[in-house]
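Have a look at the structure below, then the notes.
The values are calculated or read from the model by the stated rules, or taken from the named source; none is laboratory data. If you're wondering where the values come from, they're calculated on a predicted model, not measured in any experiment. Using ideal geometry, Cβ is built from the backbone for each residue, glycine included, and neighbour counts are taken over all protein chains shown. These accessible areas exclude ligands, DNA and RNA; they are computed on the full protein's heavy atoms, side chains included. Shrake-Rupley method; radii C 1.70, N 1.55, O 1.52, S 1.80 Å.
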Amino acid sequence: MCASAGGGNGVGSYGNLFKASMAHVLFLIRPQPFLALLGRRKMSLDFGAREVFAAALEAVQPDIAIRQNLERHGNSLVCGGRKFPLKNNVHMVGFGKAVLGMATEVERIVGDHLVGGVISVPHGIQHALREHGKHHLLLKESSFIQVMEGAQHNLPDADSQKAAECIARLASALTEKDLLLVLISGGGSALLPAPIPPITLQEKLDVTRKLAAGGATIQELNTVRRALSVLKGGGLAQCAHPAQVVALILSDVIGDPLDLIASGPTVQSPVCREEVLVVLERYGLLDSAPPSVKDVLGKLRPGEEVEMNKAGHVLNTVIGSNSIALQHAGRRALELGFCPIVLSPGVCGDVRSVSRLYGLLARFALSHGETPSELGKEVLKLGPEVGVESGELHLVMQSLEQARSQGRGAVCVLAGGEPTVELTGNGRGGRNQELAMRVGLELRGLQLSLDSPVFLSGGTDGQDGPTEAAGAVTDARLYEDAQKQKLDMSSFLKNNDSFTFFTHLSGGRNLLVPGLTCTNVMDVHILLIPQIAK
């Protein structure tokens, strides 16, 4: 039995993001005429990595996630083990990049009990879905749901603010007899801007941008956002009181913290005035804050919290996450004959440290003789840098040791998260493609006859940085192949130009191009290690 060890950079409008011809998430295998020259075993592992990634994507498709978590039984709606009566009393609001597909499935399930709703979605998404043949994720012309597009370039704007105002009005008009379904996915914060008057949207943006530029954490940013927003930090649930609120959430945040996903509009998150002032002072913004911001904060007495005691009955349910994607990826790996081992859904930190981790794990798995204790120590030392607990690393190494000693066959190490890249150049690329490049370098020298470990890193949103690729697939031959084709990997890495590198390498066959995926639960990492000799 195999062991389990644990539980994007968007630019422009959706209409311009995806240029790849392969739109369906399962058609991930690009024509690869060079594979016959690289050995049958390599082809099998490359194919397997792409198949496993496809399974991860399929598990978190917006319509599938809704269907698996929301059911109608007669005149009752069932979610999270609870039943809600249906009496032509259902209203819907939503905000996020995957919300259109979620809303379409909700409307199909709820049927004639849906009174109406408003969803805030990215600029150009409806056109992009039509272009890519994703008609099943589009609302019908007879739909009761109003679709409002905004947040061009993934930034709050006047259009998304107007949508937020419509959502607030709908929620505020509800009664105790109503049921409000709230659909939330990645990108939801930019699609739900509602600054407290007299603060303007631009003033709020200026404050948060300066905080981000100063190095503020996501927790600190959300502390300020909640204090300056009508709807964030439980504000939407408060507006909907006394109605029953059910939030269905696709998480794009490590650990799935409900208060951080889209800044937690349905999660009661009291904010103390002193906490906000401390954050502003820490980053030198207390004195320079706009008068409107000082005015809003000044209306809170010292020690007073922003009360959310009218949040009403709220059920928050995560219906899609990186963990769920990895679970389904593991099942597919098993079907393909691999032994799946889940490392962690929370891998983070610099891609150089993350790539070192995967290289060490591959070397650990393929080492012969006694347990490679020195490699194990290096792996554990990296844990804090990449967000992985020592217990998770111990379990993975134990599983790899067992696989080696028992000759179980090829192993599939699965992980997810959101590593970071230090920008030193101005090339085209993203964290997944750069991670794949660096892992390829770490795997150098691990080629065993025709066998080689294979690594895939892909963004589940289908876009890695300002490119049409989601990521890339590499192996221990990467450096050798690049040298033969006169591609200087160090120069490409220095310029953060990973997409250009993979485009030129072997005609682009290493690129992962799923097209428009319609979802986002961060990144998926797949390390396939060939059969380990006893």
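When the residues of segment 497-522 are filtered to those that are over 26 Å from Q126 (Cβ atoms) and in contact with an Asp or Glu (Cβ under 7 Å, 6 or more places away or on another chain), the one that is surrounded by the most Cβ atoms within 10 Å (Cβ to Cβ) is S498. Quick check: anything in segment 439-458 under 30 Å from I125 (Cα atoms) and either open to solvent by 10 Å² or more (accessible area, probe 1.4 Å) or outside any strand (DSSP E or B) (or both)? Looking for residues that are under 30 Å from I125 (Cα atoms) and either open to solvent by 10 Å² or more (accessible area, probe 1.4 Å) or outside any strand (DSSP E or B) (or both), one finds none in segment 439-458, hence no. Taking the listed residues A333, A329, A365, A325, the one that is outside any strand (DSSP E or B), surrounded by 19 or more Cβ atoms within 10 Å (Cβ to Cβ), at pLDDT below 95 and not hydroxyl-bearing (S, T, Y) is A365, with no other qualifying. Can we say G416 is open to solvent by less than 40 Å² (accessible area, probe 1.4 Å), outside any helix (DSSP H, G or I) and modelled with pLDDT of 95 or more? Taking the combined requirement at face value, the residue satisfies it.
Out of the residues in segment 205-233 meeting the condition of being of a type in the set (D, E, K, R) and buried (at least 24 other Cβ atoms within 10 Å of the Cβ), tell me which one is nearest to Q61 (Cα to Cα).
If we take residues in segment 205-233 being of a type in the set (D, E, K, R) and buried (at least 24 other Cβ atoms within 10 Å of the Cβ), then K232 is nearest to Q61 (Cα to Cα).
Look at (1) touching a strand residue (DSSP E or B) at 6+ places or on another chain (Cβ under 8 Å); (2) part of a loop (DSSP other than H, G, I, E, B); (3) at negative phi and you find that I249 fails only one, number (2). Of the set (1) closer than 30 Å to E58 by Cβ; (2) open to solvent by 30 Å² or more (accessible area, probe 1.4 Å); (3) in contact with a strand residue (DSSP E or B) (Cβ under 9 Å, 6 or more places away or on another chain); (4) modelled with pLDDT under 95, all apply to P270 but (1).
Per-residue answers, yes or no, for (1) under 26 Å from the mean Cα position of the chain (by Cα); (2) over 27 Å from P290 (Cα atoms):
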{"position": "S172", "(1), (2)": "no, yes"}
{"position": "L183", "(1), (2)": "yes, yes"}
{"position": "G188", "(1), (2)": "yes, no"}
{"position": "L191", "(1), (2)": "yes, no"}
{"position": "A194", "(1), (2)": "yes, no"}
{"position": "P198", "(1), (2)": "no, no"}
{"position": "G215", "(1), (2)": "yes, no"}
{"position": "R225", "(1), (2)": "yes, no"}
{"position": "V230", "(1), (2)": "yes, no"}
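Taking first residues from segment 314-339 that are hydroxyl-bearing (S, T, Y) and partners that are part of a loop (DSSP other than H, G, I, E, B), the Cβ contacts under 7 Å between residues at least 6 apart in sequence or on separate chains come to T317/G80; S321/S251; S321/D256; S321/V521; S323/G7.
Among the residues of segment 114-133, just one is open to solvent by 50 Å² or more (accessible area, probe 1.4 Å) and part of a strand (DSSP E or B), namely V115. Of all the residues that make up segment 459-484, how many are in a loop (DSSP other than H, G, I, E, B), of a type in the set (D, E, K, R) and open to solvent by 10 Å² or more (accessible area, probe 1.4 Å)? Residues flagged as in a loop (DSSP other than H, G, I, E, B), of a type in the set (D, E, K, R) and open to solvent by 10 Å² or more (accessible area, probe 1.4 Å) within segment 459-484 amount to 3.
This table checks each residue for (1) in contact with an Asp or Glu (Cβ under 6 Å, 6 or more places away or on another chain); (2) among the aliphatic types (A, V, I, L, M); (3) open to solvent by 10 Å² or more (accessible area, probe 1.4 Å); (4) farther than 30 Å from L512 by Cα.
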position	(1), (2), (3), (4)
N75	no, no, yes, yes
C79	no, no, no, yes
R82	no, no, yes, yes
K87	no, no, yes, yes
G96	no, no, no, no
A103	no, yes, no, no
E107	no, no, yes, yes
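Taking segment 234-261 only, how many residues are closer than 19 Å to R169 by Cβ and either small (G, A, S) or crowded, with 24+ Cβ neighbours inside 10 Å (or both)? Adding up the residues that qualify gives 10. Sort out which residues of segment 505-523 are within 11 Å of G462 (Cα to Cα) and outside any loop (DSSP other than H, G, I, E, B), and write them in order of number. Residues satisfying the conditions are L512, D523.
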